[in-house]
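A quick write-up on the structure given underneath.
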Amino acid sequence: MSGTPTKPISAANVLNSTSYAAAKSSSLIRALFEEGATMRAVHGNEVLDFSLGNPTLPPPKEFVEILAQIAEKPPPDLHSYMMNIGRPNTRAALAKEFSKWHDIDLRAENLIITCGAAAAINVLFNCIITTTALIK
């Protein structure tokens, strides 16, 4: 049949060798994730993997219900970009909850929402280290 590939399509025969090698190389966090998968295959669900934030439990029923409500009637800004520090209403809700949990007075302007620990650490270092500081 004309146009049928002679070998199965895979990353190895679609990407150039440099791109494929880069995709196969592993960072420490990826190595930990892959080790977790190997250990889970041997030991089952007794292995808890916190390396990449992969959930091992299904979401709570309430989450699924609220998600269905949002999908049925999405807010106007659902697919818009947000401010770099997070949506004001989300930051306010988190500040309220954290204030209750820790018996402190936390305000939305005290919070920055990041898309992961690496971004949070970057924000932290930018807050506490000056451009002239020497890091050893």
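Some notes on this structure:
- Matching residues, segment 88-136, being of a type in the set (Lys, Arg) and modelled with pLDDT under 90: Lys136
- Restricted to segment 61-84, and to residues there that are within 23 Å of Leu111 (Cβ to Cβ) and modelled with pLDDT of 90 or more, the residue that is least open to solvent (accessible area, probe 1.4 Å) is Ile70.
- Selection within segment 24-60 - of a type in the set (A, V, I, L, M, F, W, C), modelled with pLDDT under 80 and not in a loop (DSSP other than H, G, I, E, B): Leu28, Ile29, Ala31, Leu32, Phe33
The values are calculated or read from the model by the stated rules, or taken from the named source; none is laboratory data. Keep in mind the model is a prediction, meaning the values are calculated, not measured. With ideal geometry, Cβ positions are generated from the backbone for all residues, glycine too; neighbour counts draw on all protein chains shown. Each accessible area value is taken on the protein alone, full model and side chains, heavy atoms only, with ligands, DNA and RNA left out. Shrake-Rupley method; radii C 1.70, N 1.55, O 1.52, S 1.80 Å.
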